[in-house]
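Right, one structure below, let's go through it.
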Amino acid sequence: MLRSVWTQLWITLVVATVLLAFYTSLGRQLIPLIEMQKPELESLLQQQLGLPVAVGVLEGDWNLLSPVVRIADVQIGAEEEHLSIGSVEAELDISASAFYLTPVFKRILIEQVRAPLSQDEEGRLFLGEQPLLDTARVKRQSKEPGGSGDTPPWLEWLGYQQAIILNDWEVTNRQGADDETLLVRNVTWRNRGQ
């Protein structure tokens, strides 16, 4: 009886090791192919944002058991006035993604963002001449017990991420003749699942 248990345990361990090795090998071989998806990524972002998007570098890597995606030299908007992102790096958490059935990242690092925005008297934000966000239309959620307390899906998704790191950001808001600049040297938001 004891020998049968040990045999089953040994077979299970061997099968798990072979499957893990297969998963890692396959991932290490396939993740670099993400570079070929750069035109599709640019097209998708242009469609979603309604602004021209140029991605300089899209590459994939592997860290232990997790795929890592790096995007560099991103420009959003027209050539004259554009939002630029130096680099974005995201490391996927496979087990959490499977549990929540949505992409969950161990770490999202966004660096060297330059955003020259302008705001009109009505509260609308522009990137150059292109409208970016109409803050006058943003609905404030009621904090009363009987009010609508539904969490937007994007905010719920952010809550799943383990760490979001913002490094070296410069956001400029031009309101008429006045310029306001927000400098972010390093902000780390960690979620411990609480």
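Couplings 3J(HN,Hα) of the stretch 67-73, computed from phi: x, 10, 10, 10, 10, 9, 6 Hz, in residue order, whole Hz [Karplus 6.51 cos²θ - 1.76 cosθ + 1.60, θ = phi - 60°; x for Gly and Pro].
Between Ala177, Ala115, Ala16, where does the largest GNM mean-square fluctuation fall for the chain, given springs only between Cα atoms within less than 10 Å? Most flexible of the set in this elastic network: Ala177. Each of Leu41, Ala21, Trp62 was scored by the projection of its Cα onto the charge dipole of the stretch 1-123, and the greatest displacement toward the positive side belongs to Ala21; charges sit on the C-beta of Lys, Arg, Asp and Glu.
Using C-alpha pairs below 8 Å separated by at least 6 residues, the relative contact order for the chain is 13 percent. Available extension along the chain between Glu35 and Glu111 is 25.4 nm, counting 0.36 nm per residue and deducting the alpha carbon span. Counting heavy atoms of the protein chains alone, Tyr100 has an accessible area of about 100 Å² for a 1.4 Å probe. Comparing Ser87, Ser118, Ser25 in a Gaussian network model of the chain, where Cα atoms under 10 Å apart are tied by springs, the biggest mean-square fluctuation is seen for Ser25. Taking Cα atoms only, the orientation of helix 38-49 departs from the longest principal axis of the chain by about 50 degrees. Applying 0.36 nm per residue to the separation of Trp157 and Asp73 and subtracting their alpha-carbon distance, the gain on full extension is 27.7 nm. Computed over protein heavy atoms with a 1.4 Å probe, the carbon and sulfur contribution to the accessible area of the chain reaches 59%.
The values are calculated or read from the model by the stated rules, or taken from the named source; none is laboratory data. These figures come from a predicted structure and were not determined experimentally. Every residue, glycine as well, gets a Cβ built from its backbone with ideal geometry; the counts of neighbours run over all protein chains shown. We work out accessible area using only protein heavy atoms, side chains counted, and drop any ligands, DNA or RNA first. Shrake-Rupley method; radii C 1.70, N 1.55, O 1.52, S 1.80 Å.
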